[in-house]
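J.: Dropping a structure here in structure tokens format, bear with me for questions.
The values are calculated or read from the model by the stated rules, or taken from the named source; none is laboratory data. Only a predicted model underlies this, so the values are computations on that prediction, with no experimental measurement involved. Note that we place each Cβ from the backbone using ideal geometry, even for glycine, and neighbour counts take in every protein chain shown. Side chains are part of the model used for accessible areas, which takes the heavy atoms of the whole protein and leaves out ligands, DNA and RNA. Shrake-Rupley method; radii C 1.70, N 1.55, O 1.52, S 1.80 Å.
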Amino acid sequence: MPDPVSHGGVPRSLRLGVAGPVGTGKSSLIALLCRELGHRLSVAVVTNDIYTDEDARFLRSAGVLDPERIRAVETGACPHTAIRDDVTQNLLAVEDLERDFAPVDLVLVESGGDNLTATFSPALVDAQFFVLDVAGGGDVARKGGPGIARADVLVVNKTDLAPHVGVDVLQMVHDAEHARDGRRVVALSRTDAESVAELRDWVLQTLERFRAGTLVPVDPGPMAPHRHAEGQDHAESHDHLHGPDHPDEHDHHHEHDQPDGHDQHGWGEVRPGGEETRYRHVGAAHRP
Amino acid sequence: MSAAYLSLLLADGRLPTGAHTQSGGVEPALHAGMSLAEVPHYLRVRLRTVTETEAGTAVLARATWLAAEPGHRTAPLAVLDQAWRARTPSDALRDAADLLGRSYLRMAAAVWDLDELVGPAAGPGPARRVWCRAVVVGVTAAVAGLSTVETARLVAFEDVQTVLAAALKLVPFDPSHGVAWAAAAEPEVERLVASVAGLTAPDELPAHSAPLIEQWGQLHRETERRLFRA
């Protein structure tokens with residue numbers, strides 16, 4: 001997990017991920033949040049473009065944020081890797097922004113537009129949006145996937161286009177809510193002030209939770225959570241490894257060996273070679 | 001733990017150091033018109049020029065870390081870091097190596113005690129001192145117990161695999177051919193290992209010229225369409 005307080009004495013921002021397929025409006029959503037929040041919060045942006053720095057250039061040209069607060073990270077054709085299993089370059093970009101513009105309240109990290117399976121590692125972001133749009137078809141939300149099912153917020157974007165593409169927004173939102181077991185769904189249109197306010201208020205509430213120390217990053221995961229055949233909840237059978245931050249669900253991917261080295265999962269005890277003095281027990285205070 | 005095991009661990013492409021964002025210069029080379037068939041030659045050029053300098057720097061960083069008294073290691077490492085910079089004319093390539101140095105140190109400092117290299121927390125304002133990747137790899141090799149030869153081979157192997165993995169993404173081909181090319185590079189890799197194993201001081205670092213690699217590196221930074229950082 002990211003250090004909740006600081007890195008090297010630099011205050012930590014709330015880090016929010018924005019994932020979703022190409023063309024659903026991730027960059028526009030970020031521009032919208034910058035416009036809505038930029039005057040009251042210190043905001044910065046990291047983009048993960050697959051083949052160009054198009055997204056970073058779009059955001060710079062949108063004029064909603066100081067261009068120097070927008071940085072692009074190359075992904076080496078691996079947008080999934082860059083936000084999920086080797087988040088190093090993204091973490092460095094986020095930490096650089098936090099250092100260069102300290103104090104930063106909010107860093108928005110945009111994923112390279114990928115398929116439905118790409119979600120952010122909790123080692124990179126504290127919470128995440130997954131963005132769909134009505135133009136992609138009303139049935140996409142039903143298809144599910146980790147981002148659709150378990151991102152902190154599912155945004156159904158461009159609702160103003162619904163009449164033109166023959167999509168029933170209410171049905172699509174209903175399908176999404178069903179797929180998400182009641183987790184938050186925001187039907188968004190830039191032209192619908194109420195929906196914009198809902199999104200903005202969620203960010204502000206999440207920032208409050210982050211500052212209060214009660215925001216727990218949750219991995220949407222590459223796989224659906226499951227129970228063992230014998231009916232024993234998987235979480236219960238491994239509670240010696242998992243801290244209190246996975247109270248109700250998790251999957252088979254024990255991705256708790258985060259390079260950030262928070263010790264909440266007891267890694268200090270199980271780290272290989274932990275008894276040897278040349279191997280360190282990792283603590284957040286030692287991060288470079 | 002055995003150094004042989006840790007040597008494999010550090011050579012694994014899955015090591016989380018952001019290396020998947022790098023192409024070892026093969027992306028701009030291909031853009032500039034180099035053909036896929038020339039990739040083995042490209043590997044040989046790198047192993048005889050920039051990669052030899054890189055490996056030599058890592059070998060010397062390893063020796064420096066082991067020889068200097070704890071608390072007095074950064075001064076001689078800074079001299080070495082400067083020697084590497086003086087032999088790397090392209091600032092685009094130096095920047096890429098610095099970013100990789102930071103990434104590598106982030107990983108290594110979570111595994112070994114590298115506080116001296118990391119430096120004290122600076123707080124907001126100027127960032128910590130940045131070390132080029134070769135220095136960080138060499139110091140990591142030192143604390144992992146790798147020998148001089150293992151250190152040099154690690155750097156050379158990584159360079160070969162970085163180029164081939166990136167080429168595979170840019171101009172897809174039967175991936176087993178890439179493995180064959182990597183295997184065929186072994187004599188060049190061992191030649192490099194032998195040539196840097198005896199280095200004892202930064203002044204002895206090879207200062208080759210690889211003007212095309214440097215020029216392509218400079219051009220690549222300005223391109224608006226790229227998959228890889230460098």
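J.: Residues of the stretch B:19-58 that become at least 50 Å² less accessible with every protein chain present than in their own chain isolated, using 1.4 Å: which are they?
T.: SASA drop of 50 Å² or more in the stretch B:19-58: B:HIS20.
J.: Sticking with this structure for a sec: Given q = 0.23 Å⁻¹, what are the Debye log10 I(q)/I(0) values for the stretch A:1-113, with equal point scatterers placed on the Cα positions and solvent ignored?
T.: Debye curve over Cα of the stretch A:1-113, log10 I(q)/I(0) at q = 0.23 Å⁻¹: -1.36.
J.: Leaving out ligands, DNA and RNA, calculate the buried accessible area for the pair B and A with a 1.4 Å probe, summed over both sides, in Å² to the nearest 100. Before the final figure, lay out each step's value.
T.: Values: alone 11220 and 13590 Å², together 21360 Å².
Heavy-atom accessible area buried at this interface is about 3400 Å².
J.: With a point put 7 Å past each Cα toward its Cβ, work out how far B:ASP91 is from A:THR191 in nm, to one decimal.
T.: The answer from the label model is 4.7 nm.
J.: According to the Kirkwood expression over distinct Cα-Cα pairs, how big is the hydrodynamic radius of the stretch B:49-96, in Å? The partial results should precede the final answer.
T.: Working: mean 1/r = 0.0881 Å⁻¹.
Radius from the Kirkwood sum: 11.4 Å.
J.: Give the calculated FRET efficiency between B:SER209 and A:ALA102 to the nearest 0.05, with a Förster radius of 41 Å applied to their Cβ-Cβ distance.
T.: Working: r = 42 Å, r/R0 = 1.02.
Rounded to the nearest 0.05, the efficiency is 0.50.
J.: Further question: May I have the extent of the alpha carbons of the stretch A:95-207 along their three principal axes, as whole Å values ordered from largest to smallest?
T.: Extents along the principal axes: 47, 30, 24 Å.
J.: Just want to confirm a number: the relative contact order over chain B, from Cα pairs under 8 angstrom separated by 6+ residues, in percent.
T.: Dividing the mean separation by the residue count of chain B yields 41 percent.
J.: Quick one: what Rg and Dmax do you get for the protein assembly as shown from the alpha carbons, in Å?
T.: For the protein assembly as shown, the Cα radius of gyration and maximum Cα-Cα distance read 23.8, 74 Å.
J.: While we're here: Say R0 is 41 Å: what FRET efficiency, to the nearest 0.05, do A:ASN115 and B:MET1 get from their beta-carbon distance?
T.: Using R0 = 41 Å, I get an efficiency of 0.60.
J.: To continue, here is another question. If you roll a 1.4 angstrom probe over the protein chains with everything in place, what fraction of the accessible area of the stretch B:77-225 belongs to carbon and sulfur, to the nearest %?
T.: That share works out to 60 percent.
J.: Can you give me the Kirkwood hydrodynamic radius for the stretch A:101-159, using every pair of distinct Cα atoms, in Å to one decimal?
T.: By the Kirkwood definition, the hydrodynamic radius is 12.7 Å.
J.: Let me ask something else. For chain B, with every protein chain kept in place, what is the accessible area per residue (1.4 Å probe, Å²)?
T.: Averaged over the residues of chain B, the accessible area is 41 Å².
J.: What do you get for Rg/Rh of chain B when both radii come from the Cα atoms and Rh is the Kirkwood radius?
T.: 0.95
J.: If you take the C-alpha gyration tensor of the stretch B:9-85, multiply each eigenvalue by 5 and take the square root, what semi-axes do you get, largest first, in whole Å?
T.: Taking √(5λ) for each Cα gyration eigenvalue gives 31, 15, 11 Å.
J.: Continuing with this model, one more query. Could you pull out every whole DSSP H run in chain B that spans at least 24 Å of Cα extent along its own axis and averages -1.0 or higher on the Kyte-Doolittle scale?
T.: Long hydrophobic helices here: B:50-67, B:91-108, B:148-170.
J.: How are the alpha carbon pair distances in the stretch B:123-220 distributed across 5 Å bins from zero to the largest one, expressed in percent?
T.: Spelled out per bin, shortest first, that is 2, 10, 14, 19, 19, 17, 11, 5, 2, 1.
J.: Given a Förster distance of 45 angstrom, what is the FRET efficiency for B:ALA197 paired with A:GLU54, based on the Cβ-Cβ distance and rounded to 0.05?
T.: Numbers: r = 46 Å, r/R0 = 1.02.
The value I calculate is 0.45.
J.: Pairs of Cα atoms under 8 Å, at least six residues apart: use those to get the relative contact order of the stretch A:69-128, whole percent.
T.: This gives 43 percent for the stretch A:69-128.
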